[in-house]
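Trainee: Just passing along the structure, written as structure tokens.
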């Protein structure tokens, strides 16, 4: 037997031994598995599905006080006055305030033109008036002299008339000749002609006197016109204001009618802002609008109630505030481009500024004239703008007293489409709302709740009843947590209600033979079997 046969035999022996050992190990495993028993699946119990969706809610609060409507606006001047020279001339004096941005006071001299020509014209007319007065005096003297001559002529005419009568009587007595009678009649005619001539002369003098008087009146008008032109060589500021534009320099010639300066009135300013139709609804239905409409009378259709508001201007972390009043609509209606109402707000005291600074400690309000810091967080003086300036981009906050009840909810309670979810008797109610404004992080809404939700909210005359409002706010709560499938009538429950239902006696562990049942005393007394890695021990 060679070595190859021996090696082949050994390999067959090793193969047999390996097979026998593997078979014995497998047999022992099967026997061991059979001896340990059949593995049973433990009974698994799932918690019962809740009958309602668990949500977070908050109380539906009644909003008390005015509603704040916010809009953006731009400061515009109340009025602008454009001054022009009324006479021509050379500028000989120019006020130092005639620069854009500077303030001018009322009746301040802005421009003085060369007055020499106008002074000479006034002097010429005054001299002409003196000449006419002398002529009038001479006419009066001539009239007086003529009156004296008329008196003498009339007396002479009387004498000649008497002489003529005597001559006629003598000729009847043949005591005088015809020549004497003719001479007497001629003397009488001459005396009468002299009287008529003097009377005509007096009438001519009266006409001349009237002409001189009329000429005097015309000269007086011309003198007053010349004096007016002389006065117009000095241009005064008609109001106290700020120079917006100035285009004249000293020693320059300006023609009559040349516009040289534009002054902005600073006694009051206006803010132009666009209000939406929804905001105008609350303005028209403000609590004081009815009284204003009664005062307006026949113009009530075009009258806008005066609503108090605040104008705020932000400068960094500081906010400056002015008091204003809604005055009128700027135009005849809605702006066709923006579909909003352009409104004008009047600020009667643009220099009465208050600073509002919000920090972690206090909300400080400070007047521009108040230099005594009495509250924490208030600095001395106002370190910002002293007044409203044209072109400022500001915020307008209107304070409207609503005539109907409004509610306050958190921002998280507002759903898409302007809706809120109300928890009413464990049922979800979807209510359509209108967002009115915001205050202290809350949203003011106008919610048309069902009558059983809002019973007693307002009385018949529109006045709010505080007691009924407080009771009505407890009737419903607002859902602030998200819901997967929101629908009207969905059963909901709060987490507090869920926890109260979950407070039951503890349930025993699950046994092998039979699953434990909640609340069963028999199951709690059964011996327990512990499961380790899925195998009972």
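Where a number appears in this text, it was derived from the coordinates with a stated rule and is not lab data. This structure is a prediction, so every number in the text was calculated from the model and none was measured. Don't worry about glycine lacking a Cβ; one is built from the backbone with ideal geometry, like all the others, and counts go over all protein chains shown.
Trainee: Per q in 0.20, 0.21, 0.30 Å⁻¹, report the Debye log10 I(q)/I(0) for region 157-218, using one uniform scatterer on each alpha carbon and no solvent.
Mentor: With one equal scatterer per Cα and no solvent, log10 I(q)/I(0) is -0.74, -0.78, -1.08.
Trainee: So for 53, 27, 219, fewest C-beta neighbours within 10 Å to most, what's the order?
Mentor: Numbers: 53 16, 27 10, 219 20.
With the fewest neighbours first, 53, 27, 219 line up as 27, 53, 219.
Trainee: Once both labels are modelled 7 Å past Cα along the beta-carbon direction, what's the residue 72-residue 124 spacing in nm?
Mentor: According to this spin-label approximation, the distance is 6.3 nm.
Trainee: Also, quick follow-up: Just rank 98, 280, 103, 28, fewest to most, by other beta-carbon atoms within 10 angstrom.
Mentor: Details: 98 22, 280 17, 103 13, 28 10.
Least to most surrounded, the residues fall as 28, 103, 280, 98.
Trainee: Provide the gained length on full extension for the span residue 142 to residue 337, in nm with one decimal, where the gain is 0.36 nm per separating residue minus the Cα-Cα distance.
Mentor: Value of the extension gain: 62.0 nm.
Trainee: Let me ask something else about it. Would you compute the Debye intensity of region 163-270 from its alpha-carbon atoms alone, equal scatterers and no solvent, and pass along log10 I(q)/I(0) at q = 0.20 Å⁻¹ to two decimals?
Mentor: -1.07
Trainee: Mean separation of Cα pairs under 8 Å and 6+ residues apart, divided by the residue count of region 116-231: what relative contact order is that in percent?
Mentor: For region 116-231, the relative contact order is 50 percent.
Trainee: Starting from 0.36 nm per residue, how many nanometres of slack lie between residue 206 and residue 393 once their C-alpha separation is accounted for?
Mentor: That works out to 59.8 nm of additional length.
Trainee: Once you have the Kirkwood Rh of region 116-231 from its Cα pairs, apply Stokes-Einstein at 37 °C and 0.692 mPa s and quote D in µm²/s.
Mentor: 184
Trainee: Something else now. Given the peptides 123-131, 267-275, 72-80, arrange them by the average over their residues of other C-beta atoms within 10 Å, most packed first.
Mentor: 267-275, 72-80, 123-131
Trainee: Quick one: order 425, 442 by neighbouring beta-carbon count within 10 Å, fewest to most.
Mentor: Exposure proxy ranking, most exposed first: 425, 442.
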